[in-house]
Amino acid sequence: MAIFESLTLLASKGRPPFRSIESKSVMAINLYPRGFLYTRESIHLAGDLDGFGSRTTNRGTFWLSRESAFEIIESQSTLIALIGHAQHVSEYAASGDTREICGQLLDVWSSNGAAGVEEYLYDLGGRYTLFILTDQHQLVYHDAHGMRSVYFAKDHGFVSSHERILADLIDATPCSITVSGLPLALRWRFSRFNGIQALQPNHRLDLGTGTQSRYFPFGENPYSRVPEKTRLEMAHRLWTEQIRLIADGKNVALSMTGGLDSRVSLAMSRNIWGEAQAFTYTAIPRKESAWSRSIYQDEAIVQQILDVVDIDHEFLRRHEAPQLTAAEKSTLAKNTAGQHGQWLLKLYQAAFPQSDTIHLRANLHETARNYFHKYRTPAEPLRGLRKLMRDQTLQKVPALEPRIDSVMREFEEQIQLAGYANLPAGYEPLDMYYWELRQGRWFSEVFNETDCAFETAIPFNHRRLIDIALSFDAKQRQNGYFFKELINRSAPFLNFYGVNTTKNLYEQARGVQRAKTKPIEAQNLLSRDVTIGAQIDVMDESGNLMATRPYEGILYLPAGQLKKNYSAELTVNVTPNPEKLPLDLYITVNNGYENAKAAGYLEFVVSVDAVDVLRHDLATRAEPFGITLTALPTGTPVTIRIRSLRDIQRDSWASASRTGLRISARPSRQTARKVLTDNPDVQLFNPASVN
């Protein structure tokens, strides 16, 4: 293993003299690409890390993978190390030169210590880990969302990009704390191993004490009272300037989907459309796969956009993806603590063989979109967060229900450690949870997965930009107002195309107008493998039968029965078949009513064996959507109902409740009980609880 010379005012740009890198054409999936390890003492590495190079300094050793970009500056008293890529874009200046950035960090540390560095980080975008090492201080920071995951072994002074590097290095045993075994977004700062923690975004790591503490936000959101025009102008400049710096000298891969986040990324990248290589991953739509139908819809929307956007584009198709070998799957199990889309990796490598490729993503935009708005409890902010924690745990791990109170006590300790009870004005616990845990823990591991193909950049990963986005009110954030305004400033015609729908703005408006004047037509009632009740049962809040109506393809609540918790119910039975095979039940739902101000009046509910598995507010979508219930044993009873959520005086709501249904079933190719839908507004419940 190469040992590098000691440094005095050392700055290394590009790659150190490692052994030759394997050609991308062989599509290798290596261990820990773009990974690093820091040790205060010199140690011997072998096995998985045998391919890492090392840089020994007066304050410890940095072990780096072949792909890792880094800068190190060491003065007489202070060492600054930045691993990854960074762009400093403030109100007044911009730089994408990491050597220059490290020099500026050394200056602000010398003049104002940690406070100066943390103020500087407010405008430092990118994906990086930052070390500041002196005789008295050993501090570690990372980027705003923790896109560059950072793990540390508390009792050893080791810091690494991957939890498995540390677990293997210290022979760590599995962690027994319940939260550590939950999905990443619920894991807080725990890893899967004893003695190893993840650095939480907006926290600093003190290696001297082995602890982490919050340093951001500094105070009230500074943009809460800034005029909207000023906020949007500043956001536009910060964003486009970062893209200029990110793209400089790089081959840019730009992902395109049918969603809003991708649309913003495309619009804000307009200046580099002639240089970027865009792609969309897609699949052959299959009736039994809501996922395949959803991403095929992306293909249809992107095809529309490509009519007006002149950009080099390629579709990456699921059925063309090379299979991963057992050895490659084993490697990926170490590279990432979570999985996202491993089938894409070889497609990525083949489409972007250049070693200087950087992938421009958009996923972090969700931090600003009031994602968990239904859990907001402004008068008692932590109450909504606690309810979210409970609901998410039971939805993802139903077996924990008998121990949920114990799990909630573990959560409570983490909530207090993260300072969520004392956030400054303008910051809500639900937003910070989404930012720091949902994105900082789960999404950072997606980057670890794709590191074998390319580096990743997201201009939104910049605290000043995030503050601007969070400064808009809750309803504006829920509707994506900030992002749509940025599209309007950069490429306004992109706001014309549908977001997660193939219907453009005109067609959507036309459809809503028709829905107001034309009733839903009766659907095809009869189909194979199901028995559908001939009547609609109107039930009161206690489940007593109040009235019946003939079922002719339309489920609805009659006028006069629009009372709180009254429901109109239809029974469906999966018909026994001679082979007694499980069946998949398909339901197409068509309700033409849509009114953003009418949420919370009528609810569409599907129950299996008397347990709710799906709920949907009927005011949120005028488009037809599909539901699939997989692997139902023959004879399983399914109930479909329209429920009134309040007492409604106006009989016109009976028309709004009219919902056309098409129902069918066929033998299942699935083994697991699932509830699938192509409607993103639907609330799903875990079907495993249905026996």
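The values are calculated or read from the model by the stated rules, or taken from the named source; none is laboratory data. For clarity, every value in this text was computed on a predicted model and none was experimentally measured. Methodologically, a virtual Cβ is constructed for each residue, glycine included, from the backbone with ideal geometry; neighbour enumeration extends over all protein chains shown. For the accessible areas, the whole protein counts, side chains as well, though only heavy atoms, and no ligand, DNA or RNA atoms are used. Shrake-Rupley method; radii C 1.70, N 1.55, O 1.52, S 1.80 Å.
Here are a few things to note about the model shown:
- Kirkwood hydrodynamic radius over Cα pairs of the chain, then Stokes diffusion coefficient at 25 °C and 0.890 mPa s, in µm²/s: 90
- Helix 98-121 axis, angle to the chain major axis (alpha carbon atoms, nearest 10°): 80
- With 0.36 nm allotted per residue and the present C-alpha distance subtracted, the residue 324-residue 651 stretch has 111.9 nm of extension available.
- Distance-filtered residues of segment 191-228 - backbone nitrogen under 18 Å, label point 7 angstrom along residue 416 Cα→Cβ: 212-214
- For the listed peptides 446-453, 295-302, 502-509, 598-605, a ranking on the average number of other beta carbons within 10 Å per residue, highest first, reads 446-453, 295-302, 598-605, 502-509.
- Dipole magnitude of the chain, debye to nearest 20 (Cβ charges: Lys/Arg +1, Asp/Glu -1, about Cα centre): 1520
- Accessible area (Å², 1.4 Å probe, nearest 10) - residue 315: 40
- Reciprocal mean inverse distance between Cα atoms of segment 354-403 - Kirkwood radius, Å: 13.8
- Spin-label model, residue 99/residue 380: points 7 Å from Cα along the beta carbon direction are separated by 5.8 nm.
- Cα-Cα pairs of segment 300-341 separated by more than 11 Å (percent): 76
- The translational diffusion coefficient of segment 348-431, from Stokes-Einstein at 25 °C and 0.890 mPa s with a Kirkwood hydrodynamic radius over alpha carbon pairs, comes to 157 µm²/s.
- With the simple spin-label model, which puts each label point 7 Å out from Cα in the Cβ direction, the residue 176 to residue 288 separation comes to 4.3 nm.
- Inter-centroid distance (Cα atoms) of segment 485-501 relative to segment 200-235, Å: 29
- Note on residue 615/residue 92: beta-carbon distance plugged into 1/(1 + (r/R0)^6) with R0 of 45 Å gives a FRET efficiency of 0.35.
- Rough spin-label spacing in nm, given labels placed 7 Å along Cα→Cβ, for residue 545 and residue 114: 7.0
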